[in-house]
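> Dumping the structure here so I can ask a few things about it.
The values are calculated or read from the model by the stated rules, or taken from the named source; none is laboratory data. Computed from a predicted model, the values in this text were never measured in an experiment. Cβ atoms come from the backbone with ideal geometry, glycine included; neighbour counts cover every protein chain shown. For accessibility, only protein heavy atoms count, side chains too; no ligands or nucleic acids. Shrake-Rupley method; radii C 1.70, N 1.55, O 1.52, S 1.80 Å.
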Amino acid sequence: MYDLILDAGWDLLLSKGFEKFSIDRLARFARVGKPTIYARFENKEDLLRKILVKRIEWQQESIFSSIDPSSLSAAIPVLAAEAVSVFQSAEVRLIDRLIDWIDYEADKQSPSLRGWTAQTTISILEQHIIEANALGETHIADPKATATFLIEGIAGHARLSDTRLPQAHSAHLAWAHDYWQLLQSSLDKRAAD
């Protein structure tokens with residue numbers, strides 16, 4: 001029932017938008033009683049936070065599951081280009097808006113959802129870099145810093161790219177390849193010094 005409510009909540013958000021989201025509307029949409037929802041979620045903010053966490057974890061899994069640590073250098077530009085496309089999707093723009101609402105307007109007592117998202121994403125990429133180092137695919141001295149630079153660069157590129165006129169995947173791929181090459185050469189230089 002818990003996952004059914006979360007999935008129905010996400011579908012309702014996508015179809016009706018954040019402004020029209022309510023527990024009443026979700027109960028009708030999911031065909032469950034309001035007491036069933038409130039037995040599992042404290043309030044609207046708690047429900048939205050849990051919907052977002054589930055969706056963000058799903059996005060992370062879908063983006064990172066195809067990485068092969070034995071060919072990380074080839075995978076990073078493809079991963080980065082795919083991530084830029086995901087960042088520019090209507091779903092992620094909705095996620096971004098909801099994160100802002102939760103972090104800045106709704107729940108000031110809980111940890112930052114944006115911070116949690118960034119940290120978990122960086123940790124996943126850091127683990128891939130550590131595995132690639134162990135396999136001899138890469139020789140990156142500071143996997144966490146590299147993962148941080150990559151994620152921040154991808155997010156920055158996605159935000160700075162014109163989302164009203166999305167660039168072709170090939171343009172994002174070219175940027176990602178150049179960014180990874182720049183980052184690798186900088187990290188190699190740092191390691192040599």
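> Helix by helix, which DSSP H runs in the chain go 20 Å or more along their axis at the Cα atoms and have an average Kyte-Doolittle hydropathy of 0.0 or more? Working shown, then result.
Numbers: long enough: 2-16 (21 Å, 0.50); 44-64 (30 Å, -0.55); 72-87 (21 Å, 1.86); 113-135 (33 Å, 0.23); 143-160 (25 Å, 0.43); 169-192 (34 Å, -0.55).
Passing helices, by number: 2-16, 72-87, 113-135, 143-160.
> Please give the charge dipole size of the chain, origin at the Cα centre, charges +1 on K and R Cβ atoms and -1 on D and E Cβ atoms. Round to the nearest 20 debye.
Numbers: 21 positive and 27 negative charges, 178 e Å.
The calculated dipole for the chain is roughly 860 debye.
> Let me ask something else. In the chain, with Lys and Arg counted as +1 and Asp and Glu as -1 at Cβ, which of these residues, 132, 8, 176, has the Cα nearest the positive end of the dipole, that is, farthest along it?
Checked the options; the winner is 8.
> Using only the heavy atoms of the protein chains and a 1.4 Å probe, how would 120, 146 rank by accessible area, largest first? Mind showing how you got there, number by number?
Details: 120 35, 146 0 Å².
Reading off the accessible areas and sorting them downward yields 120, 146.
> Keeping all protein chains in place, calculate the accessible area per residue for the chain (probe 1.4 angstrom), answer in Å². Could the numbers behind the result be given before it?
Details: 10490 Å² over 193 residues.
Averaged over the residues of the chain, the accessible area is 54 Å².
> I would also like to ask the following. In deg cm²/dmol and to the nearest 500, what is the mean residue ellipticity at 222 nm of the chain if only DSSP H runs of at least 4 residues count, each as -39500 (n - 2.57), divided by the residue total?
Details: 9 runs with 141 residues, N = 193.
The per-residue figure over the chain is -24000 deg cm²/dmol.
> Pick from 111, 69, 143: which residue has the top mean-square fluctuation in a GNM of the chain where Cα pairs under 10 Å get a spring?
Comparing 111, 69, 143 in a Gaussian network model of the chain, the most mobile one is 111.
> Oh, and also: As a test question: what accessible area, to the nearest 10 Å², does residue 86 have when a 1.4 Å probe is rolled over all protein chains in place?
Residue 86 has an accessible surface of roughly 40 Å² with all protein chains in place.
> Let me ask you something else. Please build a GNM for the chain, connecting alpha carbons under 10 Å apart, and tell me which residue among 19, 152, 137 fluctuates the most.
Of 19, 152, 137, the most mobile in the Gaussian network model is 19.
> So if R0 is 30 Å, what FRET efficiency would residue 184 and residue 3 give, r being the distance between their Cβ atoms, rounded to the nearest 0.05? Don't skip to the end; give the middle numbers.
On the way: r = 40 Å, r/R0 = 1.34.
Approximately 0.15, to the nearest 0.05.
> Pairs on different chains or at least eight residues apart, Cα atoms closer than 22 Å: how many lysine pairs in the chain fit?
Summing the qualifying lysine pairs gives 16.
> Note the per residue figure in Å³ for the convex hull of the C-alpha positions in the chain. Provide the component values of the computation, followed by the final result.
Working: hull volume 25.9 nm³, N = 193.
Output value, Cα hull per residue: 134 Å³.
> Calculate what fraction, in whole %, of the accessible area of the chain sits on carbon and sulfur atoms when a 1.4 Å probe is rolled over the protein chains. Could you put the intermediate results ahead of the total?
Working: 5750 of 10490 Å².
With neighbouring chains kept in place, the figure for the chain is 55 percent.
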